[in-house]
Amino acid sequence: MFELLLEIFSEEIPARMQVRAGQDLVKAMDAGLKAAGLSPKDSHALTGPRRLTYVTQVELRSPDVSEERKGPRVGSPERALEGFMRGAGITDISQAETRSDKKGEYYVAVLQSEGRDTSDILTALIPEVMTGFSWPKSMKSGDSDFRWVRPLRGLTVLLDGQSLDGITVGGITSDAMVHGHRQMGPGPFPVTTLADYRAALETDGHVMIYRSARRARVLEQAKAACAEAGLELVEDEGLLDEVTGLVEWPVALLGDMDPTFLELPDEVIRLTLKSHQKTFTVRDADGNLAPNFVIMANLETPDNGATIKAGNAKVISARLSDARFFQQQDRQKNLIDYYDQLDEVVFHKKLGSVRDKADRVAALAREIAPHVGADPDLAEQAAKLAKCDLVTQTVIEATSLQGQVGRWMYEAEGGNPDIAVAIEDHYKPQGPSDAVPTNPVAIAVALADKIDTLVGFWAIGEKPTGSKDPFALRRAALGVVRLILSRNLASNLNFFAMLSFYHLNAQFPDDDRMASFVHKLGGVGDLWKIVGHAKADNSFDAFSALGDGFSKTIVDTLLSFLLDRLRVYLRDQGQRHDVIDAVIAQGGDDLLAISQRVEALGAFLSNADGENLVQGYKRAANILRAERKKGKLDLASFDTLSGFTADPAAALAKALANTRPSIDAALNSGDYPAALSSLADLREPIDAFFEDVVVNSDDPDERARRLALLSAVVETFHQIADFSRLDG
């Protein structure tokens, strides 16, 4: 195997695109080399601000290939022979061999294909890969139609220590010359190997080509610059990754800013420095933000970075002055005073304004609050305030501060601490790793906000399809799942979904945009009168009972969507897919109960006793399934617990009678391990039954009783989960 290096040199590649581009380049080049008969090995990419480099080990020539193509029988019609010869690329049938099998003789064309030099393969492959390369954004430069993320400036291809010159892409022709740092590099210089390439760039070239080493240098230098001044770096993984993609030769500089800016909230300062100047914030010995910042320069300067620091300090001062002005303007009013302005912000053209949404969320949060241990009045008030900061100047300028700005403003007014927390945390969790709220008021508002979003978009038919999810509904559904499971909240999602739609419909009772949804409910009677009574009576049971009339309606499809998110979540937690399916198939909309059943069943099946019991279940279920296929199974008239003469059957019937009450009690109390433990008591009676009892007795009555007993056994298993869905 021989070394292959391809460097694509250009103007600055956006930092966020570099890693993915490196992965895509490796994938495309490897695929092309393999398609040509080569076997690239140890392929990897080197990425940086101005270069995308592919490195691999590969043969110098693709192997010769011999292919046999089977043809028609000897003596076949002329047309069949002509088609075979044309497809095989031969001009006379005598060029084919004859082979024999049981049916007689047939023709075989043996096609020999010579291998190709890897240099020839690369001459064709590299332009093909680069021309078809996909960037999030690309551009043309010069007179060429070739598109790249930024103007192309150089192309170097090295194979086994030799430069493959003359490969042309986008008006640039490959040669052995490599460019170093824009300011500190010595100009183009020749290289022949990866070791040569690295040594030349990382010394005189002043370019660190390995991203991991560059990232480590950035962090090390930033920490050292702070430590020298008795300060501590505020680490930020996202910013660290971005800065790594901005510099080829990291040089950390500690700058100063006006201490009066420290009056601003810490997050405003951090966000301003990060988003506008790509600089790190700094803490003092007490853990408070210091009036300093760390800028990562991309070069060494004669004045030790003084000009760079001064320039950044000037821009930072201007940005923080703007932020301070916006804060001062925003705080001239109380947070609730922005509520009416939410009417001017469209949430969705079919779902009204953000104020409409806030009203719905407030009403729903009030009703959810008792189920999560929150004060209904506080939950309703928090929901009304939660979106108010969206129309403040601070959030308009920095949308990532939504929620936080509202909390700061409300706390400055001396507001209730629970409401303040809920204003910030109601957006959470926003992803699989985001923190989950712990405050009951925040939980109530967060659940209400996400359920309202899901129900609203389901109502207007805007569901996720395939990879498209423009309204982040999968994230909202995962948020509901994580809120419920992480806080051990027993939930009736059908109930909450119907409550949510009740409030949605109340806002638009005569609006055509709701008509299609109402039509899809399938004539559940005077639904809104029933819902109204249930609400007025505060009757959870009456309201929940409505779910029975919602078969194949939008509420059911939304529940199915949430259960799919639960499946994904539980799989990520390490649960078996078949166990998850078995429990979900049993039914229910209490995500916590489903999760607890999955955990208990997974633990139960992790030992031999559990698996053996499942085999007994499957034997019983298979017998019943076979009888149903014959159309002869009618169990309705048989007493499953009496009339047995065979001792194992009587013992199983007795064990079943003794076990069912304890299983029922355990399920009613949510003690799923106890329910499974009681179920395990049936193992020996089931094994003995199948060992000594012939189910298909010659006596029709006895046979029917035994089948009915097996049916009762299967039904008992199904109280916990649909065991038929388990693997094995």
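Side notes on the structure shown:
- Qualifying residue in segment 172-186 (condition: exposed (fewer than 15 other Cβ atoms within 10 Å of the Cβ), at positive phi and at pLDDT below 95): no
- Counting residues in segment 19-33 that are in a helix (DSSP H, G or I), more than 26 Å from Gly171 (Cα to Cα) and among the aliphatic types (A, V, I, L, M) gives zero.
- Meeting the requirement of 3 or more residues that are exposed (fewer than 15 other Cβ atoms within 10 Å of the Cβ) and at pLDDT 85 or above, the helices (runs of 4 or more DSSP H) wholly within segment 623-728 are 647-669.
- In segment 304-327, the residues that are assigned by TED's automatic domain parsing to the domain that holds Glu267 reach residues that are assigned to a helix (DSSP H, G or I) and loosely packed, with under 13 Cβ neighbours inside 10 Å with C-beta atoms within less than 8 angstrom, at least six apart or across chains, in these pairs: Arg324/Glu263.
- Selection within segment 287-325 - among the polar types (S, T, N, Q) and closer than 30 Å to Glu202 by Cα: Asn298, Thr301, Asn304, Thr307, Asn312
Yes/no matrix, rows are residues, columns are (1) part of a helix (DSSP H, G or I); (2) of a type in the set (Val, Ile, Thr); (3) touching a Leu at 6+ places or on another chain (Cβ under 6 Å):
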residue: Gly431; (1), (2), (3): no, no, no
residue: Asp434; (1), (2), (3): no, no, no
residue: Pro437; (1), (2), (3): no, no, no
residue: Val441; (1), (2), (3): yes, yes, yes
residue: Lys450; (1), (2), (3): yes, no, no
residue: Phe471; (1), (2), (3): no, no, no
residue: Ala476; (1), (2), (3): yes, no, yes
residue: Arg482; (1), (2), (3): yes, no, no
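- Given (1) in contact (Cβ under 8 Å) with a residue 40 or more places away in the chain; (2) surrounded by 16 or more Cβ atoms within 10 Å (Cβ to Cβ); (3) out of contact with any Lys or Arg (no Cβ under 7 Å at 6 or more places or on another chain); (4) not hydroxyl-bearing (Ser, Thr, Tyr), number of the condition Ile460 does not satisfy: (3)
- Take the conditions (1) farther than 22 Å from Ile126 by Cα; (2) of a type in the set (Val, Ile, Thr); (3) more than 38 Å from the chain's Cα centre (by Cα); Val207 misses just one of them, which is (3).
- Qualifying residue in segment 313-323 (condition: under 37 Å from the mean Cα position of the chain (by Cα) and more than 25 Å from Arg270 (Cβ to Cβ)): no
- Take the conditions (1) in contact with a Ser or Thr (Cβ under 9 Å, 6 or more places away or on another chain); (2) of a type in the set (D, E, K, R); (3) crowded, with 16+ Cβ neighbours inside 10 Å; (4) over 24 Å from Leu33 (Cα atoms); Arg153 misses just one of them, which is (3).
- Across segment 141-168, the qualifying residues are those that are in a strand (DSSP E or B) and β-branched (Val, Ile, Thr), and the one among them that is nearest to Glu11 (Cα to Cα) is Thr156.
- Candidates in segment 35-53 are the residues that are more than 14 Å from Leu4 (Cα to Cα) and more than 29 Å from the chain's Cα centre (by Cα); of these, the one that is surrounded by the fewest Cβ atoms within 10 Å (Cβ to Cβ) is Ala35.
- Hits in segment 1-52 - residues which are basic (Lys, Arg) and in contact with a Phe, Trp or Tyr (Cβ under 8 Å, 6 or more places away or on another chain): Arg50, Arg51
- Annotation note: Cβ proximity below 7 Å between a residue of segment 602-615 that is exposed (fewer than 14 other Cβ atoms within 10 Å of the Cβ) and a residue that is hydrophobic (A, V, I, L, M, F, W, C) (sequence gap 6+ or interchain) occurs for Asp609/Ala680; Glu611/Leu605.
- Sole exception among (1) surrounded by 15 or more Cβ atoms within 10 Å (Cβ to Cβ); (2) among the hydrophobic types (A, V, I, L, M, F, W, C); (3) in contact with a Leu (Cβ under 8 Å, 6 or more places away or on another chain) for Ala229, by number: (1)
- For segment 270-318, taking the residues that are of a type in the set (Asp, Glu) and closer than 28 Å to Gly185 by Cα, the one that is surrounded by the fewest Cβ atoms within 10 Å (Cβ to Cβ) is identified as Asp303.
- Any chance Ala398 is surrounded by fewer than 17 Cβ atoms within 10 Å (Cβ to Cβ) and among the small types (Gly, Ala, Ser): no
- The single residue among Ala365, Ala382 that is touching a Leu at 6+ places or on another chain (Cβ under 9 Å), crowded, with 23+ Cβ neighbours inside 10 Å and in a helix (DSSP H, G or I) turns out to be Ala365.
- Any hit, segment 553-565, residues being within 26 Å of Leu709 (Cβ to Cβ) and at pLDDT below 85: no
- All of (1) within 30 Å of Met139 (Cβ to Cβ); (2) of a type in the set (Val, Ile, Thr); (3) in contact with a Gly (Cβ under 9 Å, 6 or more places away or on another chain) hold for Val26 with one exception: (3).
- Condition met for Phe495 (at pLDDT 50 or above, part of a helix (DSSP H, G or I) and on the phi < 0 side of the Ramachandran plot): yes
- Residue that is farthest from Ile209 (Cα to Cα) [pool: residues in segment 169-186 that are among the polar types (S, T, N, Q) and assigned to a loop (DSSP other than H, G, I, E, B)]: Ser174
- Restricting segment 106-130 to residues that are more than 16 Å from Tyr54 (Cα to Cα) and polar (S, T, N, Q), the residue that is surrounded by the fewest Cβ atoms within 10 Å (Cβ to Cβ): Gln112
- Unmet requirement for Ser212, which otherwise passes all of (1) out of contact with any Lys or Arg (no Cβ under 9 Å at 6 or more places or on another chain); (2) assigned to a loop (DSSP other than H, G, I, E, B): (2)
- As a summary of the residue check, Ile419 satisfies the conditions (1) over 29 Å from the mean Cα position of the chain (by Cα); (2) without any contact (Cβ under 8 Å) to a residue 60 or more places away in the chain; (3) not in a helix (DSSP H, G or I) except for the one numbered (3).
The values are calculated or read from the model by the stated rules, or taken from the named source; none is laboratory data. Bear in mind the structure is a predicted one, so any value in this text is a computation, not a measurement. Here the Cβ is made from the backbone with ideal geometry for all residues, glycine too, and neighbour counts use every protein chain on show.
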